[in-house]
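Working notes, structure below.
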Amino acid sequence: MEKWSLMTITVLLALTVRWAVSLGSYSGAGKPPMYGDYEAQRHWQEITYNLPIRQWYFNTSDNNLLYWGLDYPPLTAYHSFVCAYIAKLINPDWIALHTSRGYESQPHKLFMRTTVFVADLLVYIPAVILYCFSLKETSAKKKASTCALCILLYPGLILIDHGHFQYPLSLGFALWAVLCLSHDWDLLGSVAFCLALNYKQMELYHSLPFFCYLLGKCFKKGLKGKGLVLLTKLAGTVVLSFAACWLPFGTDVEQIMQVLRRLFPIDRGLPCDKVANIWCSLSVLIKIKNVVSPRTQLKLSFAVTFLSLLPACIKLTVQPSLRGFKFALVTCALSFFLFSFQVHEKSILLVSVPVCLIINEIPFMATWFLLVSTFSMLPLLLKDGLLLAYAVTTPAFLAVCLASFSILEKTSAEDLQLKAFSLSLKGYVSWFKSFPRIVRSLFLLSLSLMGVLSVLSAAVPPPQSLPDLFPVSVSIVSCLHFLLFLVYFNVVILWDSKNRSQKKMS
C-alpha cells in the first residue's frame, strides 16, 4: 500500500511538471506562414476530419502537402481524426477546412495540451509505472517510485511533448512492447510494437533489437519444434497488425505507395539543420550534400548505420536475453541517430527512452546520457521559447538522480558494467584503480561545458561572421558525447557473458 502511495505522489509530481511546462510558449506561435509543430498537429486534425481517407496523403486543392502535409503512418492519422472529432463537438472553428490555419485561441491551446496529457496518462505513464514495479532486484521494490520519478522527470521528453508539442504514443507503445516481452508475452509485445511503428516510422530505430531478440528466442527453442511454432505465430501477428492499421489504404497500390513516399522522402538528402549526429558535425568541414547525390547519401548512411549496429544485433540473436535486449535498444537507436538518413533533433528521444529503462542498472552513465540528450536539443528549445523550462527541469532532474541513486558513488568499473572488459585488458589493475576518479572528473567537465554553452547560447549574441556558432558548437559537443556513449554501450553488450533469465526483468 505504501509503495502505491509513493507512486501516486510521483505521478502527481510528474503531471505537475508537465502542466507547468505546457503553460509556456508554443512551437511557432504567431509566426506565419507555417507557425510550428503545434499547428502541424492541429492541421492534421483539420485534414483527417474534413477530407476522405483517400486524400489524406495526396496533394490536392484542399490538402497542400507543402503546408504540414501528413508524413506519419496511418495510426497517427487515425489519432488526429479522433482528436478532431472531439474538437468539432467543442468548437467547429478549430478544425474548419482552410479557415482554421494558424488558429491559436487559449481554449484551443488548452484542448490541445489536454490531448497530450490524456495520451500520457493512458499510454506512456502506466507503462513506466508497471515497468518500474516489474524490476526484479530485491531493492527495486522500494525503489520503484524513485526509479519512476527519474524516468518521468526526464526533461527531454517533457520539453518536447508538452513544450515543443508532440504526442508520446509511439514511445508509449514501444514501452508496452518491452514490458510484454519481459513477461514472455511475445505476441502481445509484437502487437504493441507494431502499433508504435505504425504511429511513427522513426520506431524503426528499435525494430532490429525486437526482431533479433525474438528471432534468437525462436532459435533457442529450436526451429524444428517450438521455435518454428513461435516464429509462425509472430509472423502472423505482425502481418495481421499491419493489415489492420493499413486496411483503409490496402485496396489501392497507389495509395500505399503515396503513403510510403510521404513517410520516407529520400529525395531531400541528408539534413542540414543543427542536429547532433555525425553528418551535421562533418558538414562543418565538408558539405556532403554538395559532393554526392541524395541516392548516394542514402546508400552511405545505410552502410555506416548497418555496420555500427551489426555487432550488438549479432550478439542479441546468438545470446538472447532481456538485459541484452534493453542495451541493444540503446545502441541500435543511437546508431540510427548518429549515422542514418533524415534525422531530427527530437529523434534523440528514441535513444533516451531505452536509456531510461536501464537507469537502475547503470544510473551514473544513464543520467549523464539523459542530460546530454536534453542539451543536444537546446537550439530547438531556445527557438520554441523553452529556455526557462529547460533551465529549471534539467538541474531538477540531475538533483533527483543524485538523491535517488547517489550516482557519483557508482563510478567503478563494476558499477558501470565494465568489469568483464577490464579483466580482458592487460595491465588493467593500475589504470582501473583511478578509473572512478577519472570518470567523475570527465562528468563534471562535461556538465561545466554544457552549462557554459547553454548560458552563451541563451545570453550572448554570436559574432556576425558566425551566426550559427553556438548551435553548431552544441551539436558538435553533443555528437562527440554520443559517439563515446555508443562505444561504451557496445562494450557493455559485447563483453557481457552473464546468462540472464528470460522470465523476469533484469
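The values are calculated or read from the model by the stated rules, or taken from the named source; none is laboratory data. Treat the numbers as computed from the prediction; the structure is a model and nothing was measured. Neighbour counts run over all protein chains shown; Cβ positions are idealised from the backbone, glycine included. The protein model used for the area step is the full one, side chains on, heavy atoms only, and it has no ligands, DNA or RNA in it. Shrake-Rupley method; radii C 1.70, N 1.55, O 1.52, S 1.80 Å.
Of the residues Pro52, Pro32, which single one is surrounded by fewer than 15 Cβ atoms within 10 Å (Cβ to Cβ), under 22 Å from Cys245 (Cβ atoms) and of a type outside the set (A, V, I, L, M, F, W, C)?
On the way: Pro32 fails: under 22 Å from Cys245 (Cβ atoms).
Checking each option against the conditions leaves just Pro52.
For the stretch 341-351, state whether one or more residues are out of contact with any Phe, Trp or Tyr (no Cβ under 6 Å at 6 or more places or on another chain), farther than 12 Å from Leu159 by Cβ, open to solvent by 10 Å² or more (accessible area, probe 1.4 Å) and part of a helix (DSSP H, G or I). Checked the stretch 341-351: no residue is out of contact with any Phe, Trp or Tyr (no Cβ under 6 Å at 6 or more places or on another chain), farther than 12 Å from Leu159 by Cβ, open to solvent by 10 Å² or more (accessible area, probe 1.4 Å) and part of a helix (DSSP H, G or I). Considered as a group, the residues in the stretch 2-31 that are more than 30 Å from Tyr103 (Cβ to Cβ) and of a type in the set (Ser, Thr, Tyr) include one that is modelled with the lowest pLDDT, and that residue is Ser5. Given the criterion in contact with a Pro (Cβ under 9 Å, 6 or more places away or on another chain), under 23 Å from Pro74 (Cβ atoms) and of a type outside the set (Asp, Glu), identify the matching residue among Cys245, Cys194. Result of the check over Cys245, Cys194: Cys245. So in the stretch 210-254, with the set limited to residues that are among the hydroxyl-bearing types (Ser, Thr, Tyr) and assigned to a helix (DSSP H, G or I), which one is surrounded by the fewest Cβ atoms within 10 Å (Cβ to Cβ)? For the stretch 210-254, the residue satisfying everything is Thr232.
Being open to solvent by 80 Å² or more (accessible area, probe 1.4 Å) and of a type in the set (A, V, I, L, M, F, W, C) is the filter; apply it to the stretch 415-432 and report the residue that is modelled with the highest pLDDT.
Looking only at the stretch 415-432, we keep the residues that are open to solvent by 80 Å² or more (accessible area, probe 1.4 Å), and these are 419, 423, 426, 430-431.
Next, from what is left, pick out any that are of a type in the set (A, V, I, L, M, F, W, C): 423, 431.
Numbers: Leu423: 75, Trp431: 61.
Per the stated criteria, the residue is Leu423.
Could you give every pair whose Cβ atoms fall below 8 Å, whose first residue belongs to the stretch 395-413 and is assigned by the TED database to the domain that holds Ser454, and whose second residue is open to solvent by less than 30 Å² (accessible area, probe 1.4 Å) and among the small types (Gly, Ala, Ser), counting only separations of at least 6 or pairs across chains? Going by the 8 Å Cβ cut-off, the qualifying pairs are Ala413/Ser422. Residues that are over 20 Å from Gln166 (Cβ atoms) and open to solvent by less than 10 Å² (accessible area, probe 1.4 Å) within the stretch 372-400 comprise just one, Val372.
Can you tell me which residue in the stretch 59-84 is least open to solvent (accessible area, probe 1.4 Å), limited to those that are at negative phi and among the aromatic types (Phe, Trp, Tyr)? Give the steps one after another, and end with the answer.
Of the stretch 59-84, the ones at negative phi are 59-67, 69-84.
Then drop every residue that is not among the aromatic types (Phe, Trp, Tyr), which leaves 67, 72, 78, 81.
Values: Tyr67: 13, Tyr72: 37, Tyr78: 52, Phe81: 80 Å².
For the stretch 59-84, the residue satisfying everything is Tyr67.
Determine whether the stretch 45-52 contains at least one residue that is within 27 Å of Leu159 (Cα to Cα) and within 25 Å of the chain's Cα centre (by Cα).
First, the residues of the stretch 45-52 that are within 27 Å of Leu159 (Cα to Cα): 45-48.
In the following step, the residues that additionally are within 25 Å of the chain's Cα centre (by Cα) were identified as 45.
Checked against the condition, which is being within 27 Å of Leu159 (Cα to Cα) and within 25 Å of the chain's Cα centre (by Cα), the stretch 45-52 yields at least one hit.
Condition check for Arg295 on (1) in a helix (DSSP H, G or I); (2) open to solvent by 40 Å² or more (accessible area, probe 1.4 Å); (3) touching a Cys at 6+ places or on another chain (Cβ under 8 Å): one failure, at (3). Residue-level analysis places Val439 outside the set of residues that are farther than 30 Å from Leu181 by Cα and either surrounded by fewer than 13 Cβ atoms within 10 Å (Cβ to Cβ) or at pLDDT 95 or above (or both).
Restricting attention to the stretch 472-506, the residues being at pLDDT below 95, among the aliphatic types (A, V, I, L, M) and open to solvent by 70 Å² or more (accessible area, probe 1.4 Å) number 1. Looking only at the stretch 131-141, decide whether some residue is within 26 Å of Thr393 (Cβ to Cβ), acidic (Asp, Glu), open to solvent by 20 Å² or more (accessible area, probe 1.4 Å) and modelled with pLDDT under 95. So far as the stretch 131-141 goes, no, none of its residues is within 26 Å of Thr393 (Cβ to Cβ), acidic (Asp, Glu), open to solvent by 20 Å² or more (accessible area, probe 1.4 Å) and modelled with pLDDT under 95. Selection of the stretch 440-469 for residues being touching a residue at least 60 places away in the same chain (Cβ under 8 Å) and not polar (S, T, N, Q) yields Phe443, Leu447, Met450, Leu453, Ala458, Asp468. For Asp273, the conditions (1) within 23 Å of Leu381 (Cβ to Cβ); (2) modelled with pLDDT under 80; (3) crowded, with 18+ Cβ neighbours inside 10 Å are fulfilled apart from (3).
Any idea which residue in the stretch 29-57 is nearest to Leu380 (Cα to Cα), counting only those that are without any contact (Cβ under 8 Å) to a residue 12 or more places away in the chain and not in a helix (DSSP H, G or I)?
In the first step, residues of the stretch 29-57 are kept if they are without any contact (Cβ under 8 Å) to a residue 12 or more places away in the chain; the result is 31, 52, 55.
With the extra rule that they be not in a helix (DSSP H, G or I), the set shrinks to 31, 52.
Numbers: Lys31: 15, Pro52: 34 Å.
Looking at residues that are without any contact (Cβ under 8 Å) to a residue 12 or more places away in the chain and not in a helix (DSSP H, G or I), I get Lys31.
Among residues of the stretch 277-291 being out of contact with any Gly (no Cβ under 9 Å at 6 or more places or on another chain) and free of Cβ contacts under 8 Å to residues at least 60 places away in the same chain, the one that is least open to solvent (accessible area, probe 1.4 Å) is Ser283. For the stretch 88-97, a residue qualifies if it is under 9 Å from Glu46 (Cβ atoms) and either open to solvent by 80 Å² or more (accessible area, probe 1.4 Å) or of a type in the set (A, V, I, L, M) (or both), and the qualifying residues are Ile95, Ala96, Leu97.
Quick check on my filter: what residues within the stretch 5-24 are more than 18 Å from Thr114 (Cβ to Cβ) and of a type in the set (Gly, Ala, Ser)? Step through it out loud before you land on a result.
Going through the stretch 5-24, the residues more than 18 Å from Thr114 (Cβ to Cβ) turn out to be 5-10, 13.
Selection gives Ser5 alone.
Whether a residue is in contact (Cβ under 8 Å) with a residue 40 or more places away in the chain, within 21 Å of the chain's Cα centre (by Cα) and part of a helix (DSSP H, G or I) was assessed, and Val372 passes this test. Residue check: is Val455 β-branched (Val, Ile, Thr), in contact with a Ser or Thr (Cβ under 6 Å, 6 or more places away or on another chain) and modelled with pLDDT of 90 or more? No.
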